[in-house]
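Here's the structure, in structure tokens; my notes come after.
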Amino acid sequence: STMRERKATDPPHSSTDLSEGKEKLRLRQEVGLISGVSLIAGTMIGSGIFMSPEWVLHHMGNPSSSLLIWAACGLLAMFGALSYAELGTIIKESGGEYIYILRIFGSFPAFLFAYTSVILVRPAGLAAVCLSFAEYAVAPFYPGCSPPQVVVKCTAAACILLLTIINCLNVRLATSVMNVFTAAKLLALLVIIVGGLVLLAKGQTQSFQNGFQGTTAGIGAVGVAFYQGLWSYDGWNNLNYVTEELKKPEVTLPRALMIAIPLVTCLYLLVNVSYLAAMTPSELLSSGAVAVTWGDKVLGSWAWLISLSVALSTFGSSNGTFFSGGRVCYIAAREGHMPDILSMAHVRCLTPSPALMFTSMMSLIMIISGNFTSIVNLFSFIAWLFYGMTISGLLYLKIKKPELPRSYKVPIIIPIIVLIAAVYLVLAPIIDQPQIEILYIIPFIVSGVILYFPLVHFKCHPRFLQSITLHLQLLLEVAPTTRDVN
């Protein structure tokens, strides 16, 4: 059958079980509706809304058309999330895209997803968030000019190293940091929205007076604008990574999505309107940190509050990205698609420290070699490639396997729209505005194909790899983990 059978699971026998440690500390209780909404919205509201507006405007050429892109991104995220909600009620396992691709299409495409996700997508997301944190953290020290790139990159690298220490030491500490910093991001957004409404009430509407004059018409430019906007909505699929922990997933999953994503979309639109009320389009385009420039214009001597709030917000968001980053890595290693060392846990801290250290190392490489815009474009291209594959899997199940039990059904037109959008987002920038970062992906995926057959399919594991794994175990004080029982 096409729906792949789950592998037999080992009985739990050790308190150092990673899944047990993570579930006990990270998601100790079942996730209900309110916590589900918080998980989605808290992950989505990160660095994007403070960094991407100038790039969406840059590629669209007009404030009104850029607002349309923000609204369209919210609608697309909603459609994608509803499609994932049906998948989550058919395949009730944690792991998101990886587990859906594995169960529907089999081992080979699932390996390619895990390979690109663990080595590129997750580290790219973390690098982009940490770069935005660094922009805001150092902005107050360089008033009236952009901070040097070397300072920004060193600050972002320090942020990643601090997150590595926090997440490797204690899972409770990591979750506490995430919860505390959520308040900062909501406060920053509300201050910006209220300030913008006051400016509009005073008649500052000049940015909206030219309608759609000067709008960019190129399909590639629109695709790249979507990349920058959708980066801010990334996280709409996060609840599918913890499906096994949801209370009544058939009800909670779709309801949480229907509350959280429209809420975030409204907040984003209001924040963008506020930016444009305070700044002219040219001022917004020349700003390295949009929210800081807004604070300078609107709050005056209190502008440092915005910079502080956004820095705290993006740090909290990067912690969340880092914290959840080990999940796909762990599950892929559990299924035999990643080196054994990445599925091991620290014997005392019960944290997936090898996976976290590996993610940290790859993120540092990306920070050194790239900038925010290029990293987001790379992240978005790969992400939508696999979102499209996952959605095509749902369409396959709807057409060929309608008898499978599912408590929630999305109208078939919605996944079709998402699939068309995914194909457009993958192809349009390549055809119209090929980016050098995207060209790097082709040899990378080819390398994944080459590695799959000897290492996974034929299970050819050289002796020296076993020796390296043993030495790393001793050095990092980690032990093998058992699989999830459910």
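It is to be established whether one or more residues within segment 254-273 are over 30 Å from Ile166 (Cβ atoms) and buried (at least 24 other Cβ atoms within 10 Å of the Cβ). Checked segment 254-273: at least one residue is over 30 Å from Ile166 (Cβ atoms) and buried (at least 24 other Cβ atoms within 10 Å of the Cβ). Please determine whether any residue of segment 55-70 is assigned to a helix (DSSP H, G or I), of a type in the set (Val, Ile, Thr) and closer than 30 Å to Ala333 by Cβ. Looking for residues that are assigned to a helix (DSSP H, G or I), of a type in the set (Val, Ile, Thr) and closer than 30 Å to Ala333 by Cβ, one finds none in segment 55-70, hence no.
For segment 56-71, the condition holds for no residue, the condition being that it is closer than 22 Å to Thr252 by Cβ and either touching a residue at least 12 places away in the same chain (Cβ under 8 Å) or open to solvent by 20 Å² or more (accessible area, probe 1.4 Å) (or both). Tallying residues that are under 14 Å from Ile49 (Cα atoms) and surrounded by fewer than 24 Cβ atoms within 10 Å (Cβ to Cβ) within segment 120-140 yields 0.
Scanning segment 339-355 turns up no residue that is assigned to a helix (DSSP H, G or I), under 26 Å from Leu57 (Cβ atoms) and touching a Phe, Trp or Tyr at 6+ places or on another chain (Cβ under 9 Å).
Here Tyr387 meets the list (1) farther than 30 Å from Cys154 by Cα; (2) open to solvent by 50 Å² or more (accessible area, probe 1.4 Å); (3) in contact (Cβ under 8 Å) with a residue 60 or more places away in the chain; (4) assigned to a helix (DSSP H, G or I) almost entirely, failing just condition (2). Within segment 99-118, at least one residue is surrounded by fewer than 24 Cβ atoms within 10 Å (Cβ to Cβ), in a loop (DSSP other than H, G, I, E, B) and touching a residue at least 40 places away in the same chain (Cβ under 8 Å). Residues of segment 153-161 include none that is in a helix (DSSP H, G or I), modelled with pLDDT under 85 and crowded, with 24+ Cβ neighbours inside 10 Å. Looking at segment 300-317, can you tell me whether even one residue there is open to solvent by 40 Å² or more (accessible area, probe 1.4 Å), touching a residue at least 40 places away in the same chain (Cβ under 8 Å), farther than 30 Å from Ala114 by Cα and β-branched (Val, Ile, Thr)? No: zero hits.
Among residues of segment 139-154 that are at positive phi and among the charged types (D, E, K, R), none has a beta-carbon under 8 Å from a residue that is in a helix (DSSP H, G or I) and open to solvent by 90 Å² or more (accessible area, probe 1.4 Å) at least six positions away or on a different chain.
Listed here are the residues, each with its yes/no results for (1) surrounded by fewer than 20 Cβ atoms within 10 Å (Cβ to Cβ); (2) modelled with pLDDT under 85.
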{"site": "Leu350", "(1), (2)": "no, yes"}
{"site": "Ser353", "(1), (2)": "no, yes"}
{"site": "Leu356", "(1), (2)": "no, yes"}
{"site": "Ser369", "(1), (2)": "yes, yes"}
{"site": "Val376", "(1), (2)": "no, yes"}
{"site": "Ile399", "(1), (2)": "yes, no"}
{"site": "Pro415", "(1), (2)": "no, no"}
{"site": "Val423", "(1), (2)": "yes, no"}
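The values are calculated or read from the model by the stated rules, or taken from the named source; none is laboratory data. None of the values given here were measured: they were computed from a predicted structure. Backbone-built Cβ (ideal geometry, glycine too); neighbour counts: all protein chains shown. When the accessible area is computed, the model is the full protein with side chains, heavy atoms only, and any ligands, DNA or RNA have been set aside. Shrake-Rupley method; radii C 1.70, N 1.55, O 1.52, S 1.80 Å.
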